[in-house]
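Asks: Mind having a look at this structure? Questions to follow.
Any read-out appearing in this document is the output of simple, stated calculations on the displayed coordinates, not a laboratory observation. Everything numeric here is computed off the predicted structure, so don't read it as measured data. Virtual Cβ from ideal backbone geometry, glycine too; neighbours counted across all protein chains shown.
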Amino acid sequence: MVATAEARQVCRAAGSLLYPSLNFGAKVNGIYPSEDFARVLTRSAFEREFTNTSARHLQLTRGDDLDLEDRSPLAKSLLYNLGRMEADAIDAQFDGVRDQLITQTKRARQFPTTAEVALDLHEWLYYGSKQTPMVSRINPDRGTDLAYVFVTLCIVSPAARFTLASEHVARTDTASLVEAIQEVIETAQQAVSITRIYCDRGLYRVELVDELVDLGVEFVMRAPKTPGIKRVLAEHGEEKFVTDYELVRKRSPTMRVPVTLVVVPHHSRDDDSLCLITNRERTVDEAVPLAQAYRRRWGIETSYRKIGEFLPRTTSPVFAVRLFYFLFALALYNLWIVVCLLLSDQRRVKTRPAVSTATFRFFLGPVTYG
């Protein structure tokens, strides 16, 4: 059983790994201290509010004299300071937070030493101008074809879906994605030994597959039913088979990447197939277990929803603000994962998190500084 007092203590202790490390770009002699900015952003994240609403709440609670028809001066100050920050500085401070979380969890012997991971694209939808810097074009979704796009690498295990690394990509062209994929994998390998990478079919591009092959780590990627895949399916009468396959880039510079194609019946749709490619040789007997293992990556969608629970609302087109907000949400999500790992030995039901996100938010409570 997870005791209330211990869960509260662990949440507060975990919070001390995040908040003292935050730098909002505020001047030492500024009107508002960093503590105010942290409280505003935390409330915005927990309540899914706009910064102005959270800042106004804080100021009214402590009795500040406000003009209720104007924007909160605290909110304006926060956004102004964040907007002046360099992206590299924002990345660096949250890299430090992530490293602290991993270090402390390893000391408690609760962080995995090896892991299967999922490589994916996290799209934060944007409804402004397509000329906005650092915004990418995506497939239409919920009324927009624009988004801030982040390449993320997350541990697949339900017990430890920690996000090991993330990189923003200003464009989703292949060259940008290759560079970002290299960065997140190299970062993740500093924390865990990666045994397998699962990839969504959105990353099915010859150059990306070639990059994964060169990295030497086993990968499994869902393959869309391209003309080449359909041709192979038509040539085989079996509903389950394994065969050699080659991804081909016909445009200059031409490229050929040999892989193994694994085909099994779709688990929920009759008369349909699940097609996977991998850089390892496989037998027919290994086809179904591999497909079952691949399905574990779909749990990452739950992780993305959880990250969304900690994402403050904003309409700001300023990239520094967007980057800070996303990495702050990711830090809070990882903080919750760490709390669950530290309390994992006390869980009665091993398939559930030791602490729900709602309870985590409640116990984290007032922002603490240690």
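Asks: Per DSSP helix of 4 or more residues, -39500 (n - 2.57); summed, then divided by the residues of the chain. What does that give at 222 nm, rounded to the nearest 500?
Replies: Mean residue ellipticity, 222 nm, calculated: -13000 deg cm²/dmol.
Asks: Checking the a/c ratio against 1.5 first, then a/b against b/c, what shape does the Cα gyration tensor give for region 42-103? Don't jump to the answer; show the numbers that get you there.
Replies: Details: a/c = 3.20, a/b = 1.93, b/c = 1.66.
Judged from the Cα gyration tensor, region 42-103 comes out prolate (a/c at least 1.5, a/b above b/c).
Asks: Among the listed pairs LYS230/LYS250; LYS27/LYS306; LYS130/LYS250; LYS225/LYS250, which are separated by more than 27 Å between their Cα atoms?
Replies: Exceeds cut-off: LYS27/LYS306; LYS130/LYS250.
Asks: Picking from ALA147, LEU311, GLY15, whose Cα lies most toward the positive end of the charge dipole for the chain (charges on Cβ: Lys, Arg +1; Asp, Glu -1)?
Replies: GLY15
Asks: When the chain is treated as a GNM, springs tying every alpha-carbon pair under 10 Å, which of ILE102, ILE31, ILE229 comes out with the largest mean-square fluctuation?
Replies: Per the Cα network of the chain with a 10 Å cutoff, ILE31 tops the list.
Asks: I would also like to ask the following. In debye, nearest 20, what is the charge dipole magnitude of region 66-142 about its Cα centre with +1 on Lys and Arg Cβ and -1 on Asp and Glu Cβ, if you could check?
Replies: 180
Asks: By how many nm would the segment from GLN9 to ASP214 lengthen if fully extended, with 0.36 nm per residue of separation less the alpha-carbon distance?
Replies: Extending this stretch completely gives an extra 69.3 nm.
Asks: Name the residue farthest towards the positive end of the dipole of region 210-301 from the options TRP298, PRO253, LEU233, assuming +1 on Cβ of Lys and Arg, -1 on Cβ of Asp and Glu, about the Cα centre.
Replies: The one lying farthest along the dipole's positive direction is PRO253.
Asks: Next question. Using a ≥ b ≥ c from the Cα gyration tensor of region 62-205 (square roots of the eigenvalues), is it rounded, prolate or oblate, where a/c under 1.5 gives rounded and otherwise the larger of a/b and b/c decides, a/b for prolate?
Replies: Judged from the Cα gyration tensor, region 62-205 comes out oblate (a/c at least 1.5, b/c at or above a/b).
Asks: Where nothing but the Cβ of Lys and Arg (+1) and of Asp and Glu (-1) is charged, how large is the charge dipole of region 185-329 around its Cα centre, in debye to the nearest 20?
Replies: 620
Asks: Rg(Cα) of the chain divided by 2.2 N^0.38 Å?
Replies: 1.09
Asks: Quick one: which residues, 5+ away or cross-chain, put their amide H under 5 Å from the amide H of SER273? H built at 1.01 Å from N.
Replies: Sorted by chain and number, the residues that satisfy this are HIS266.
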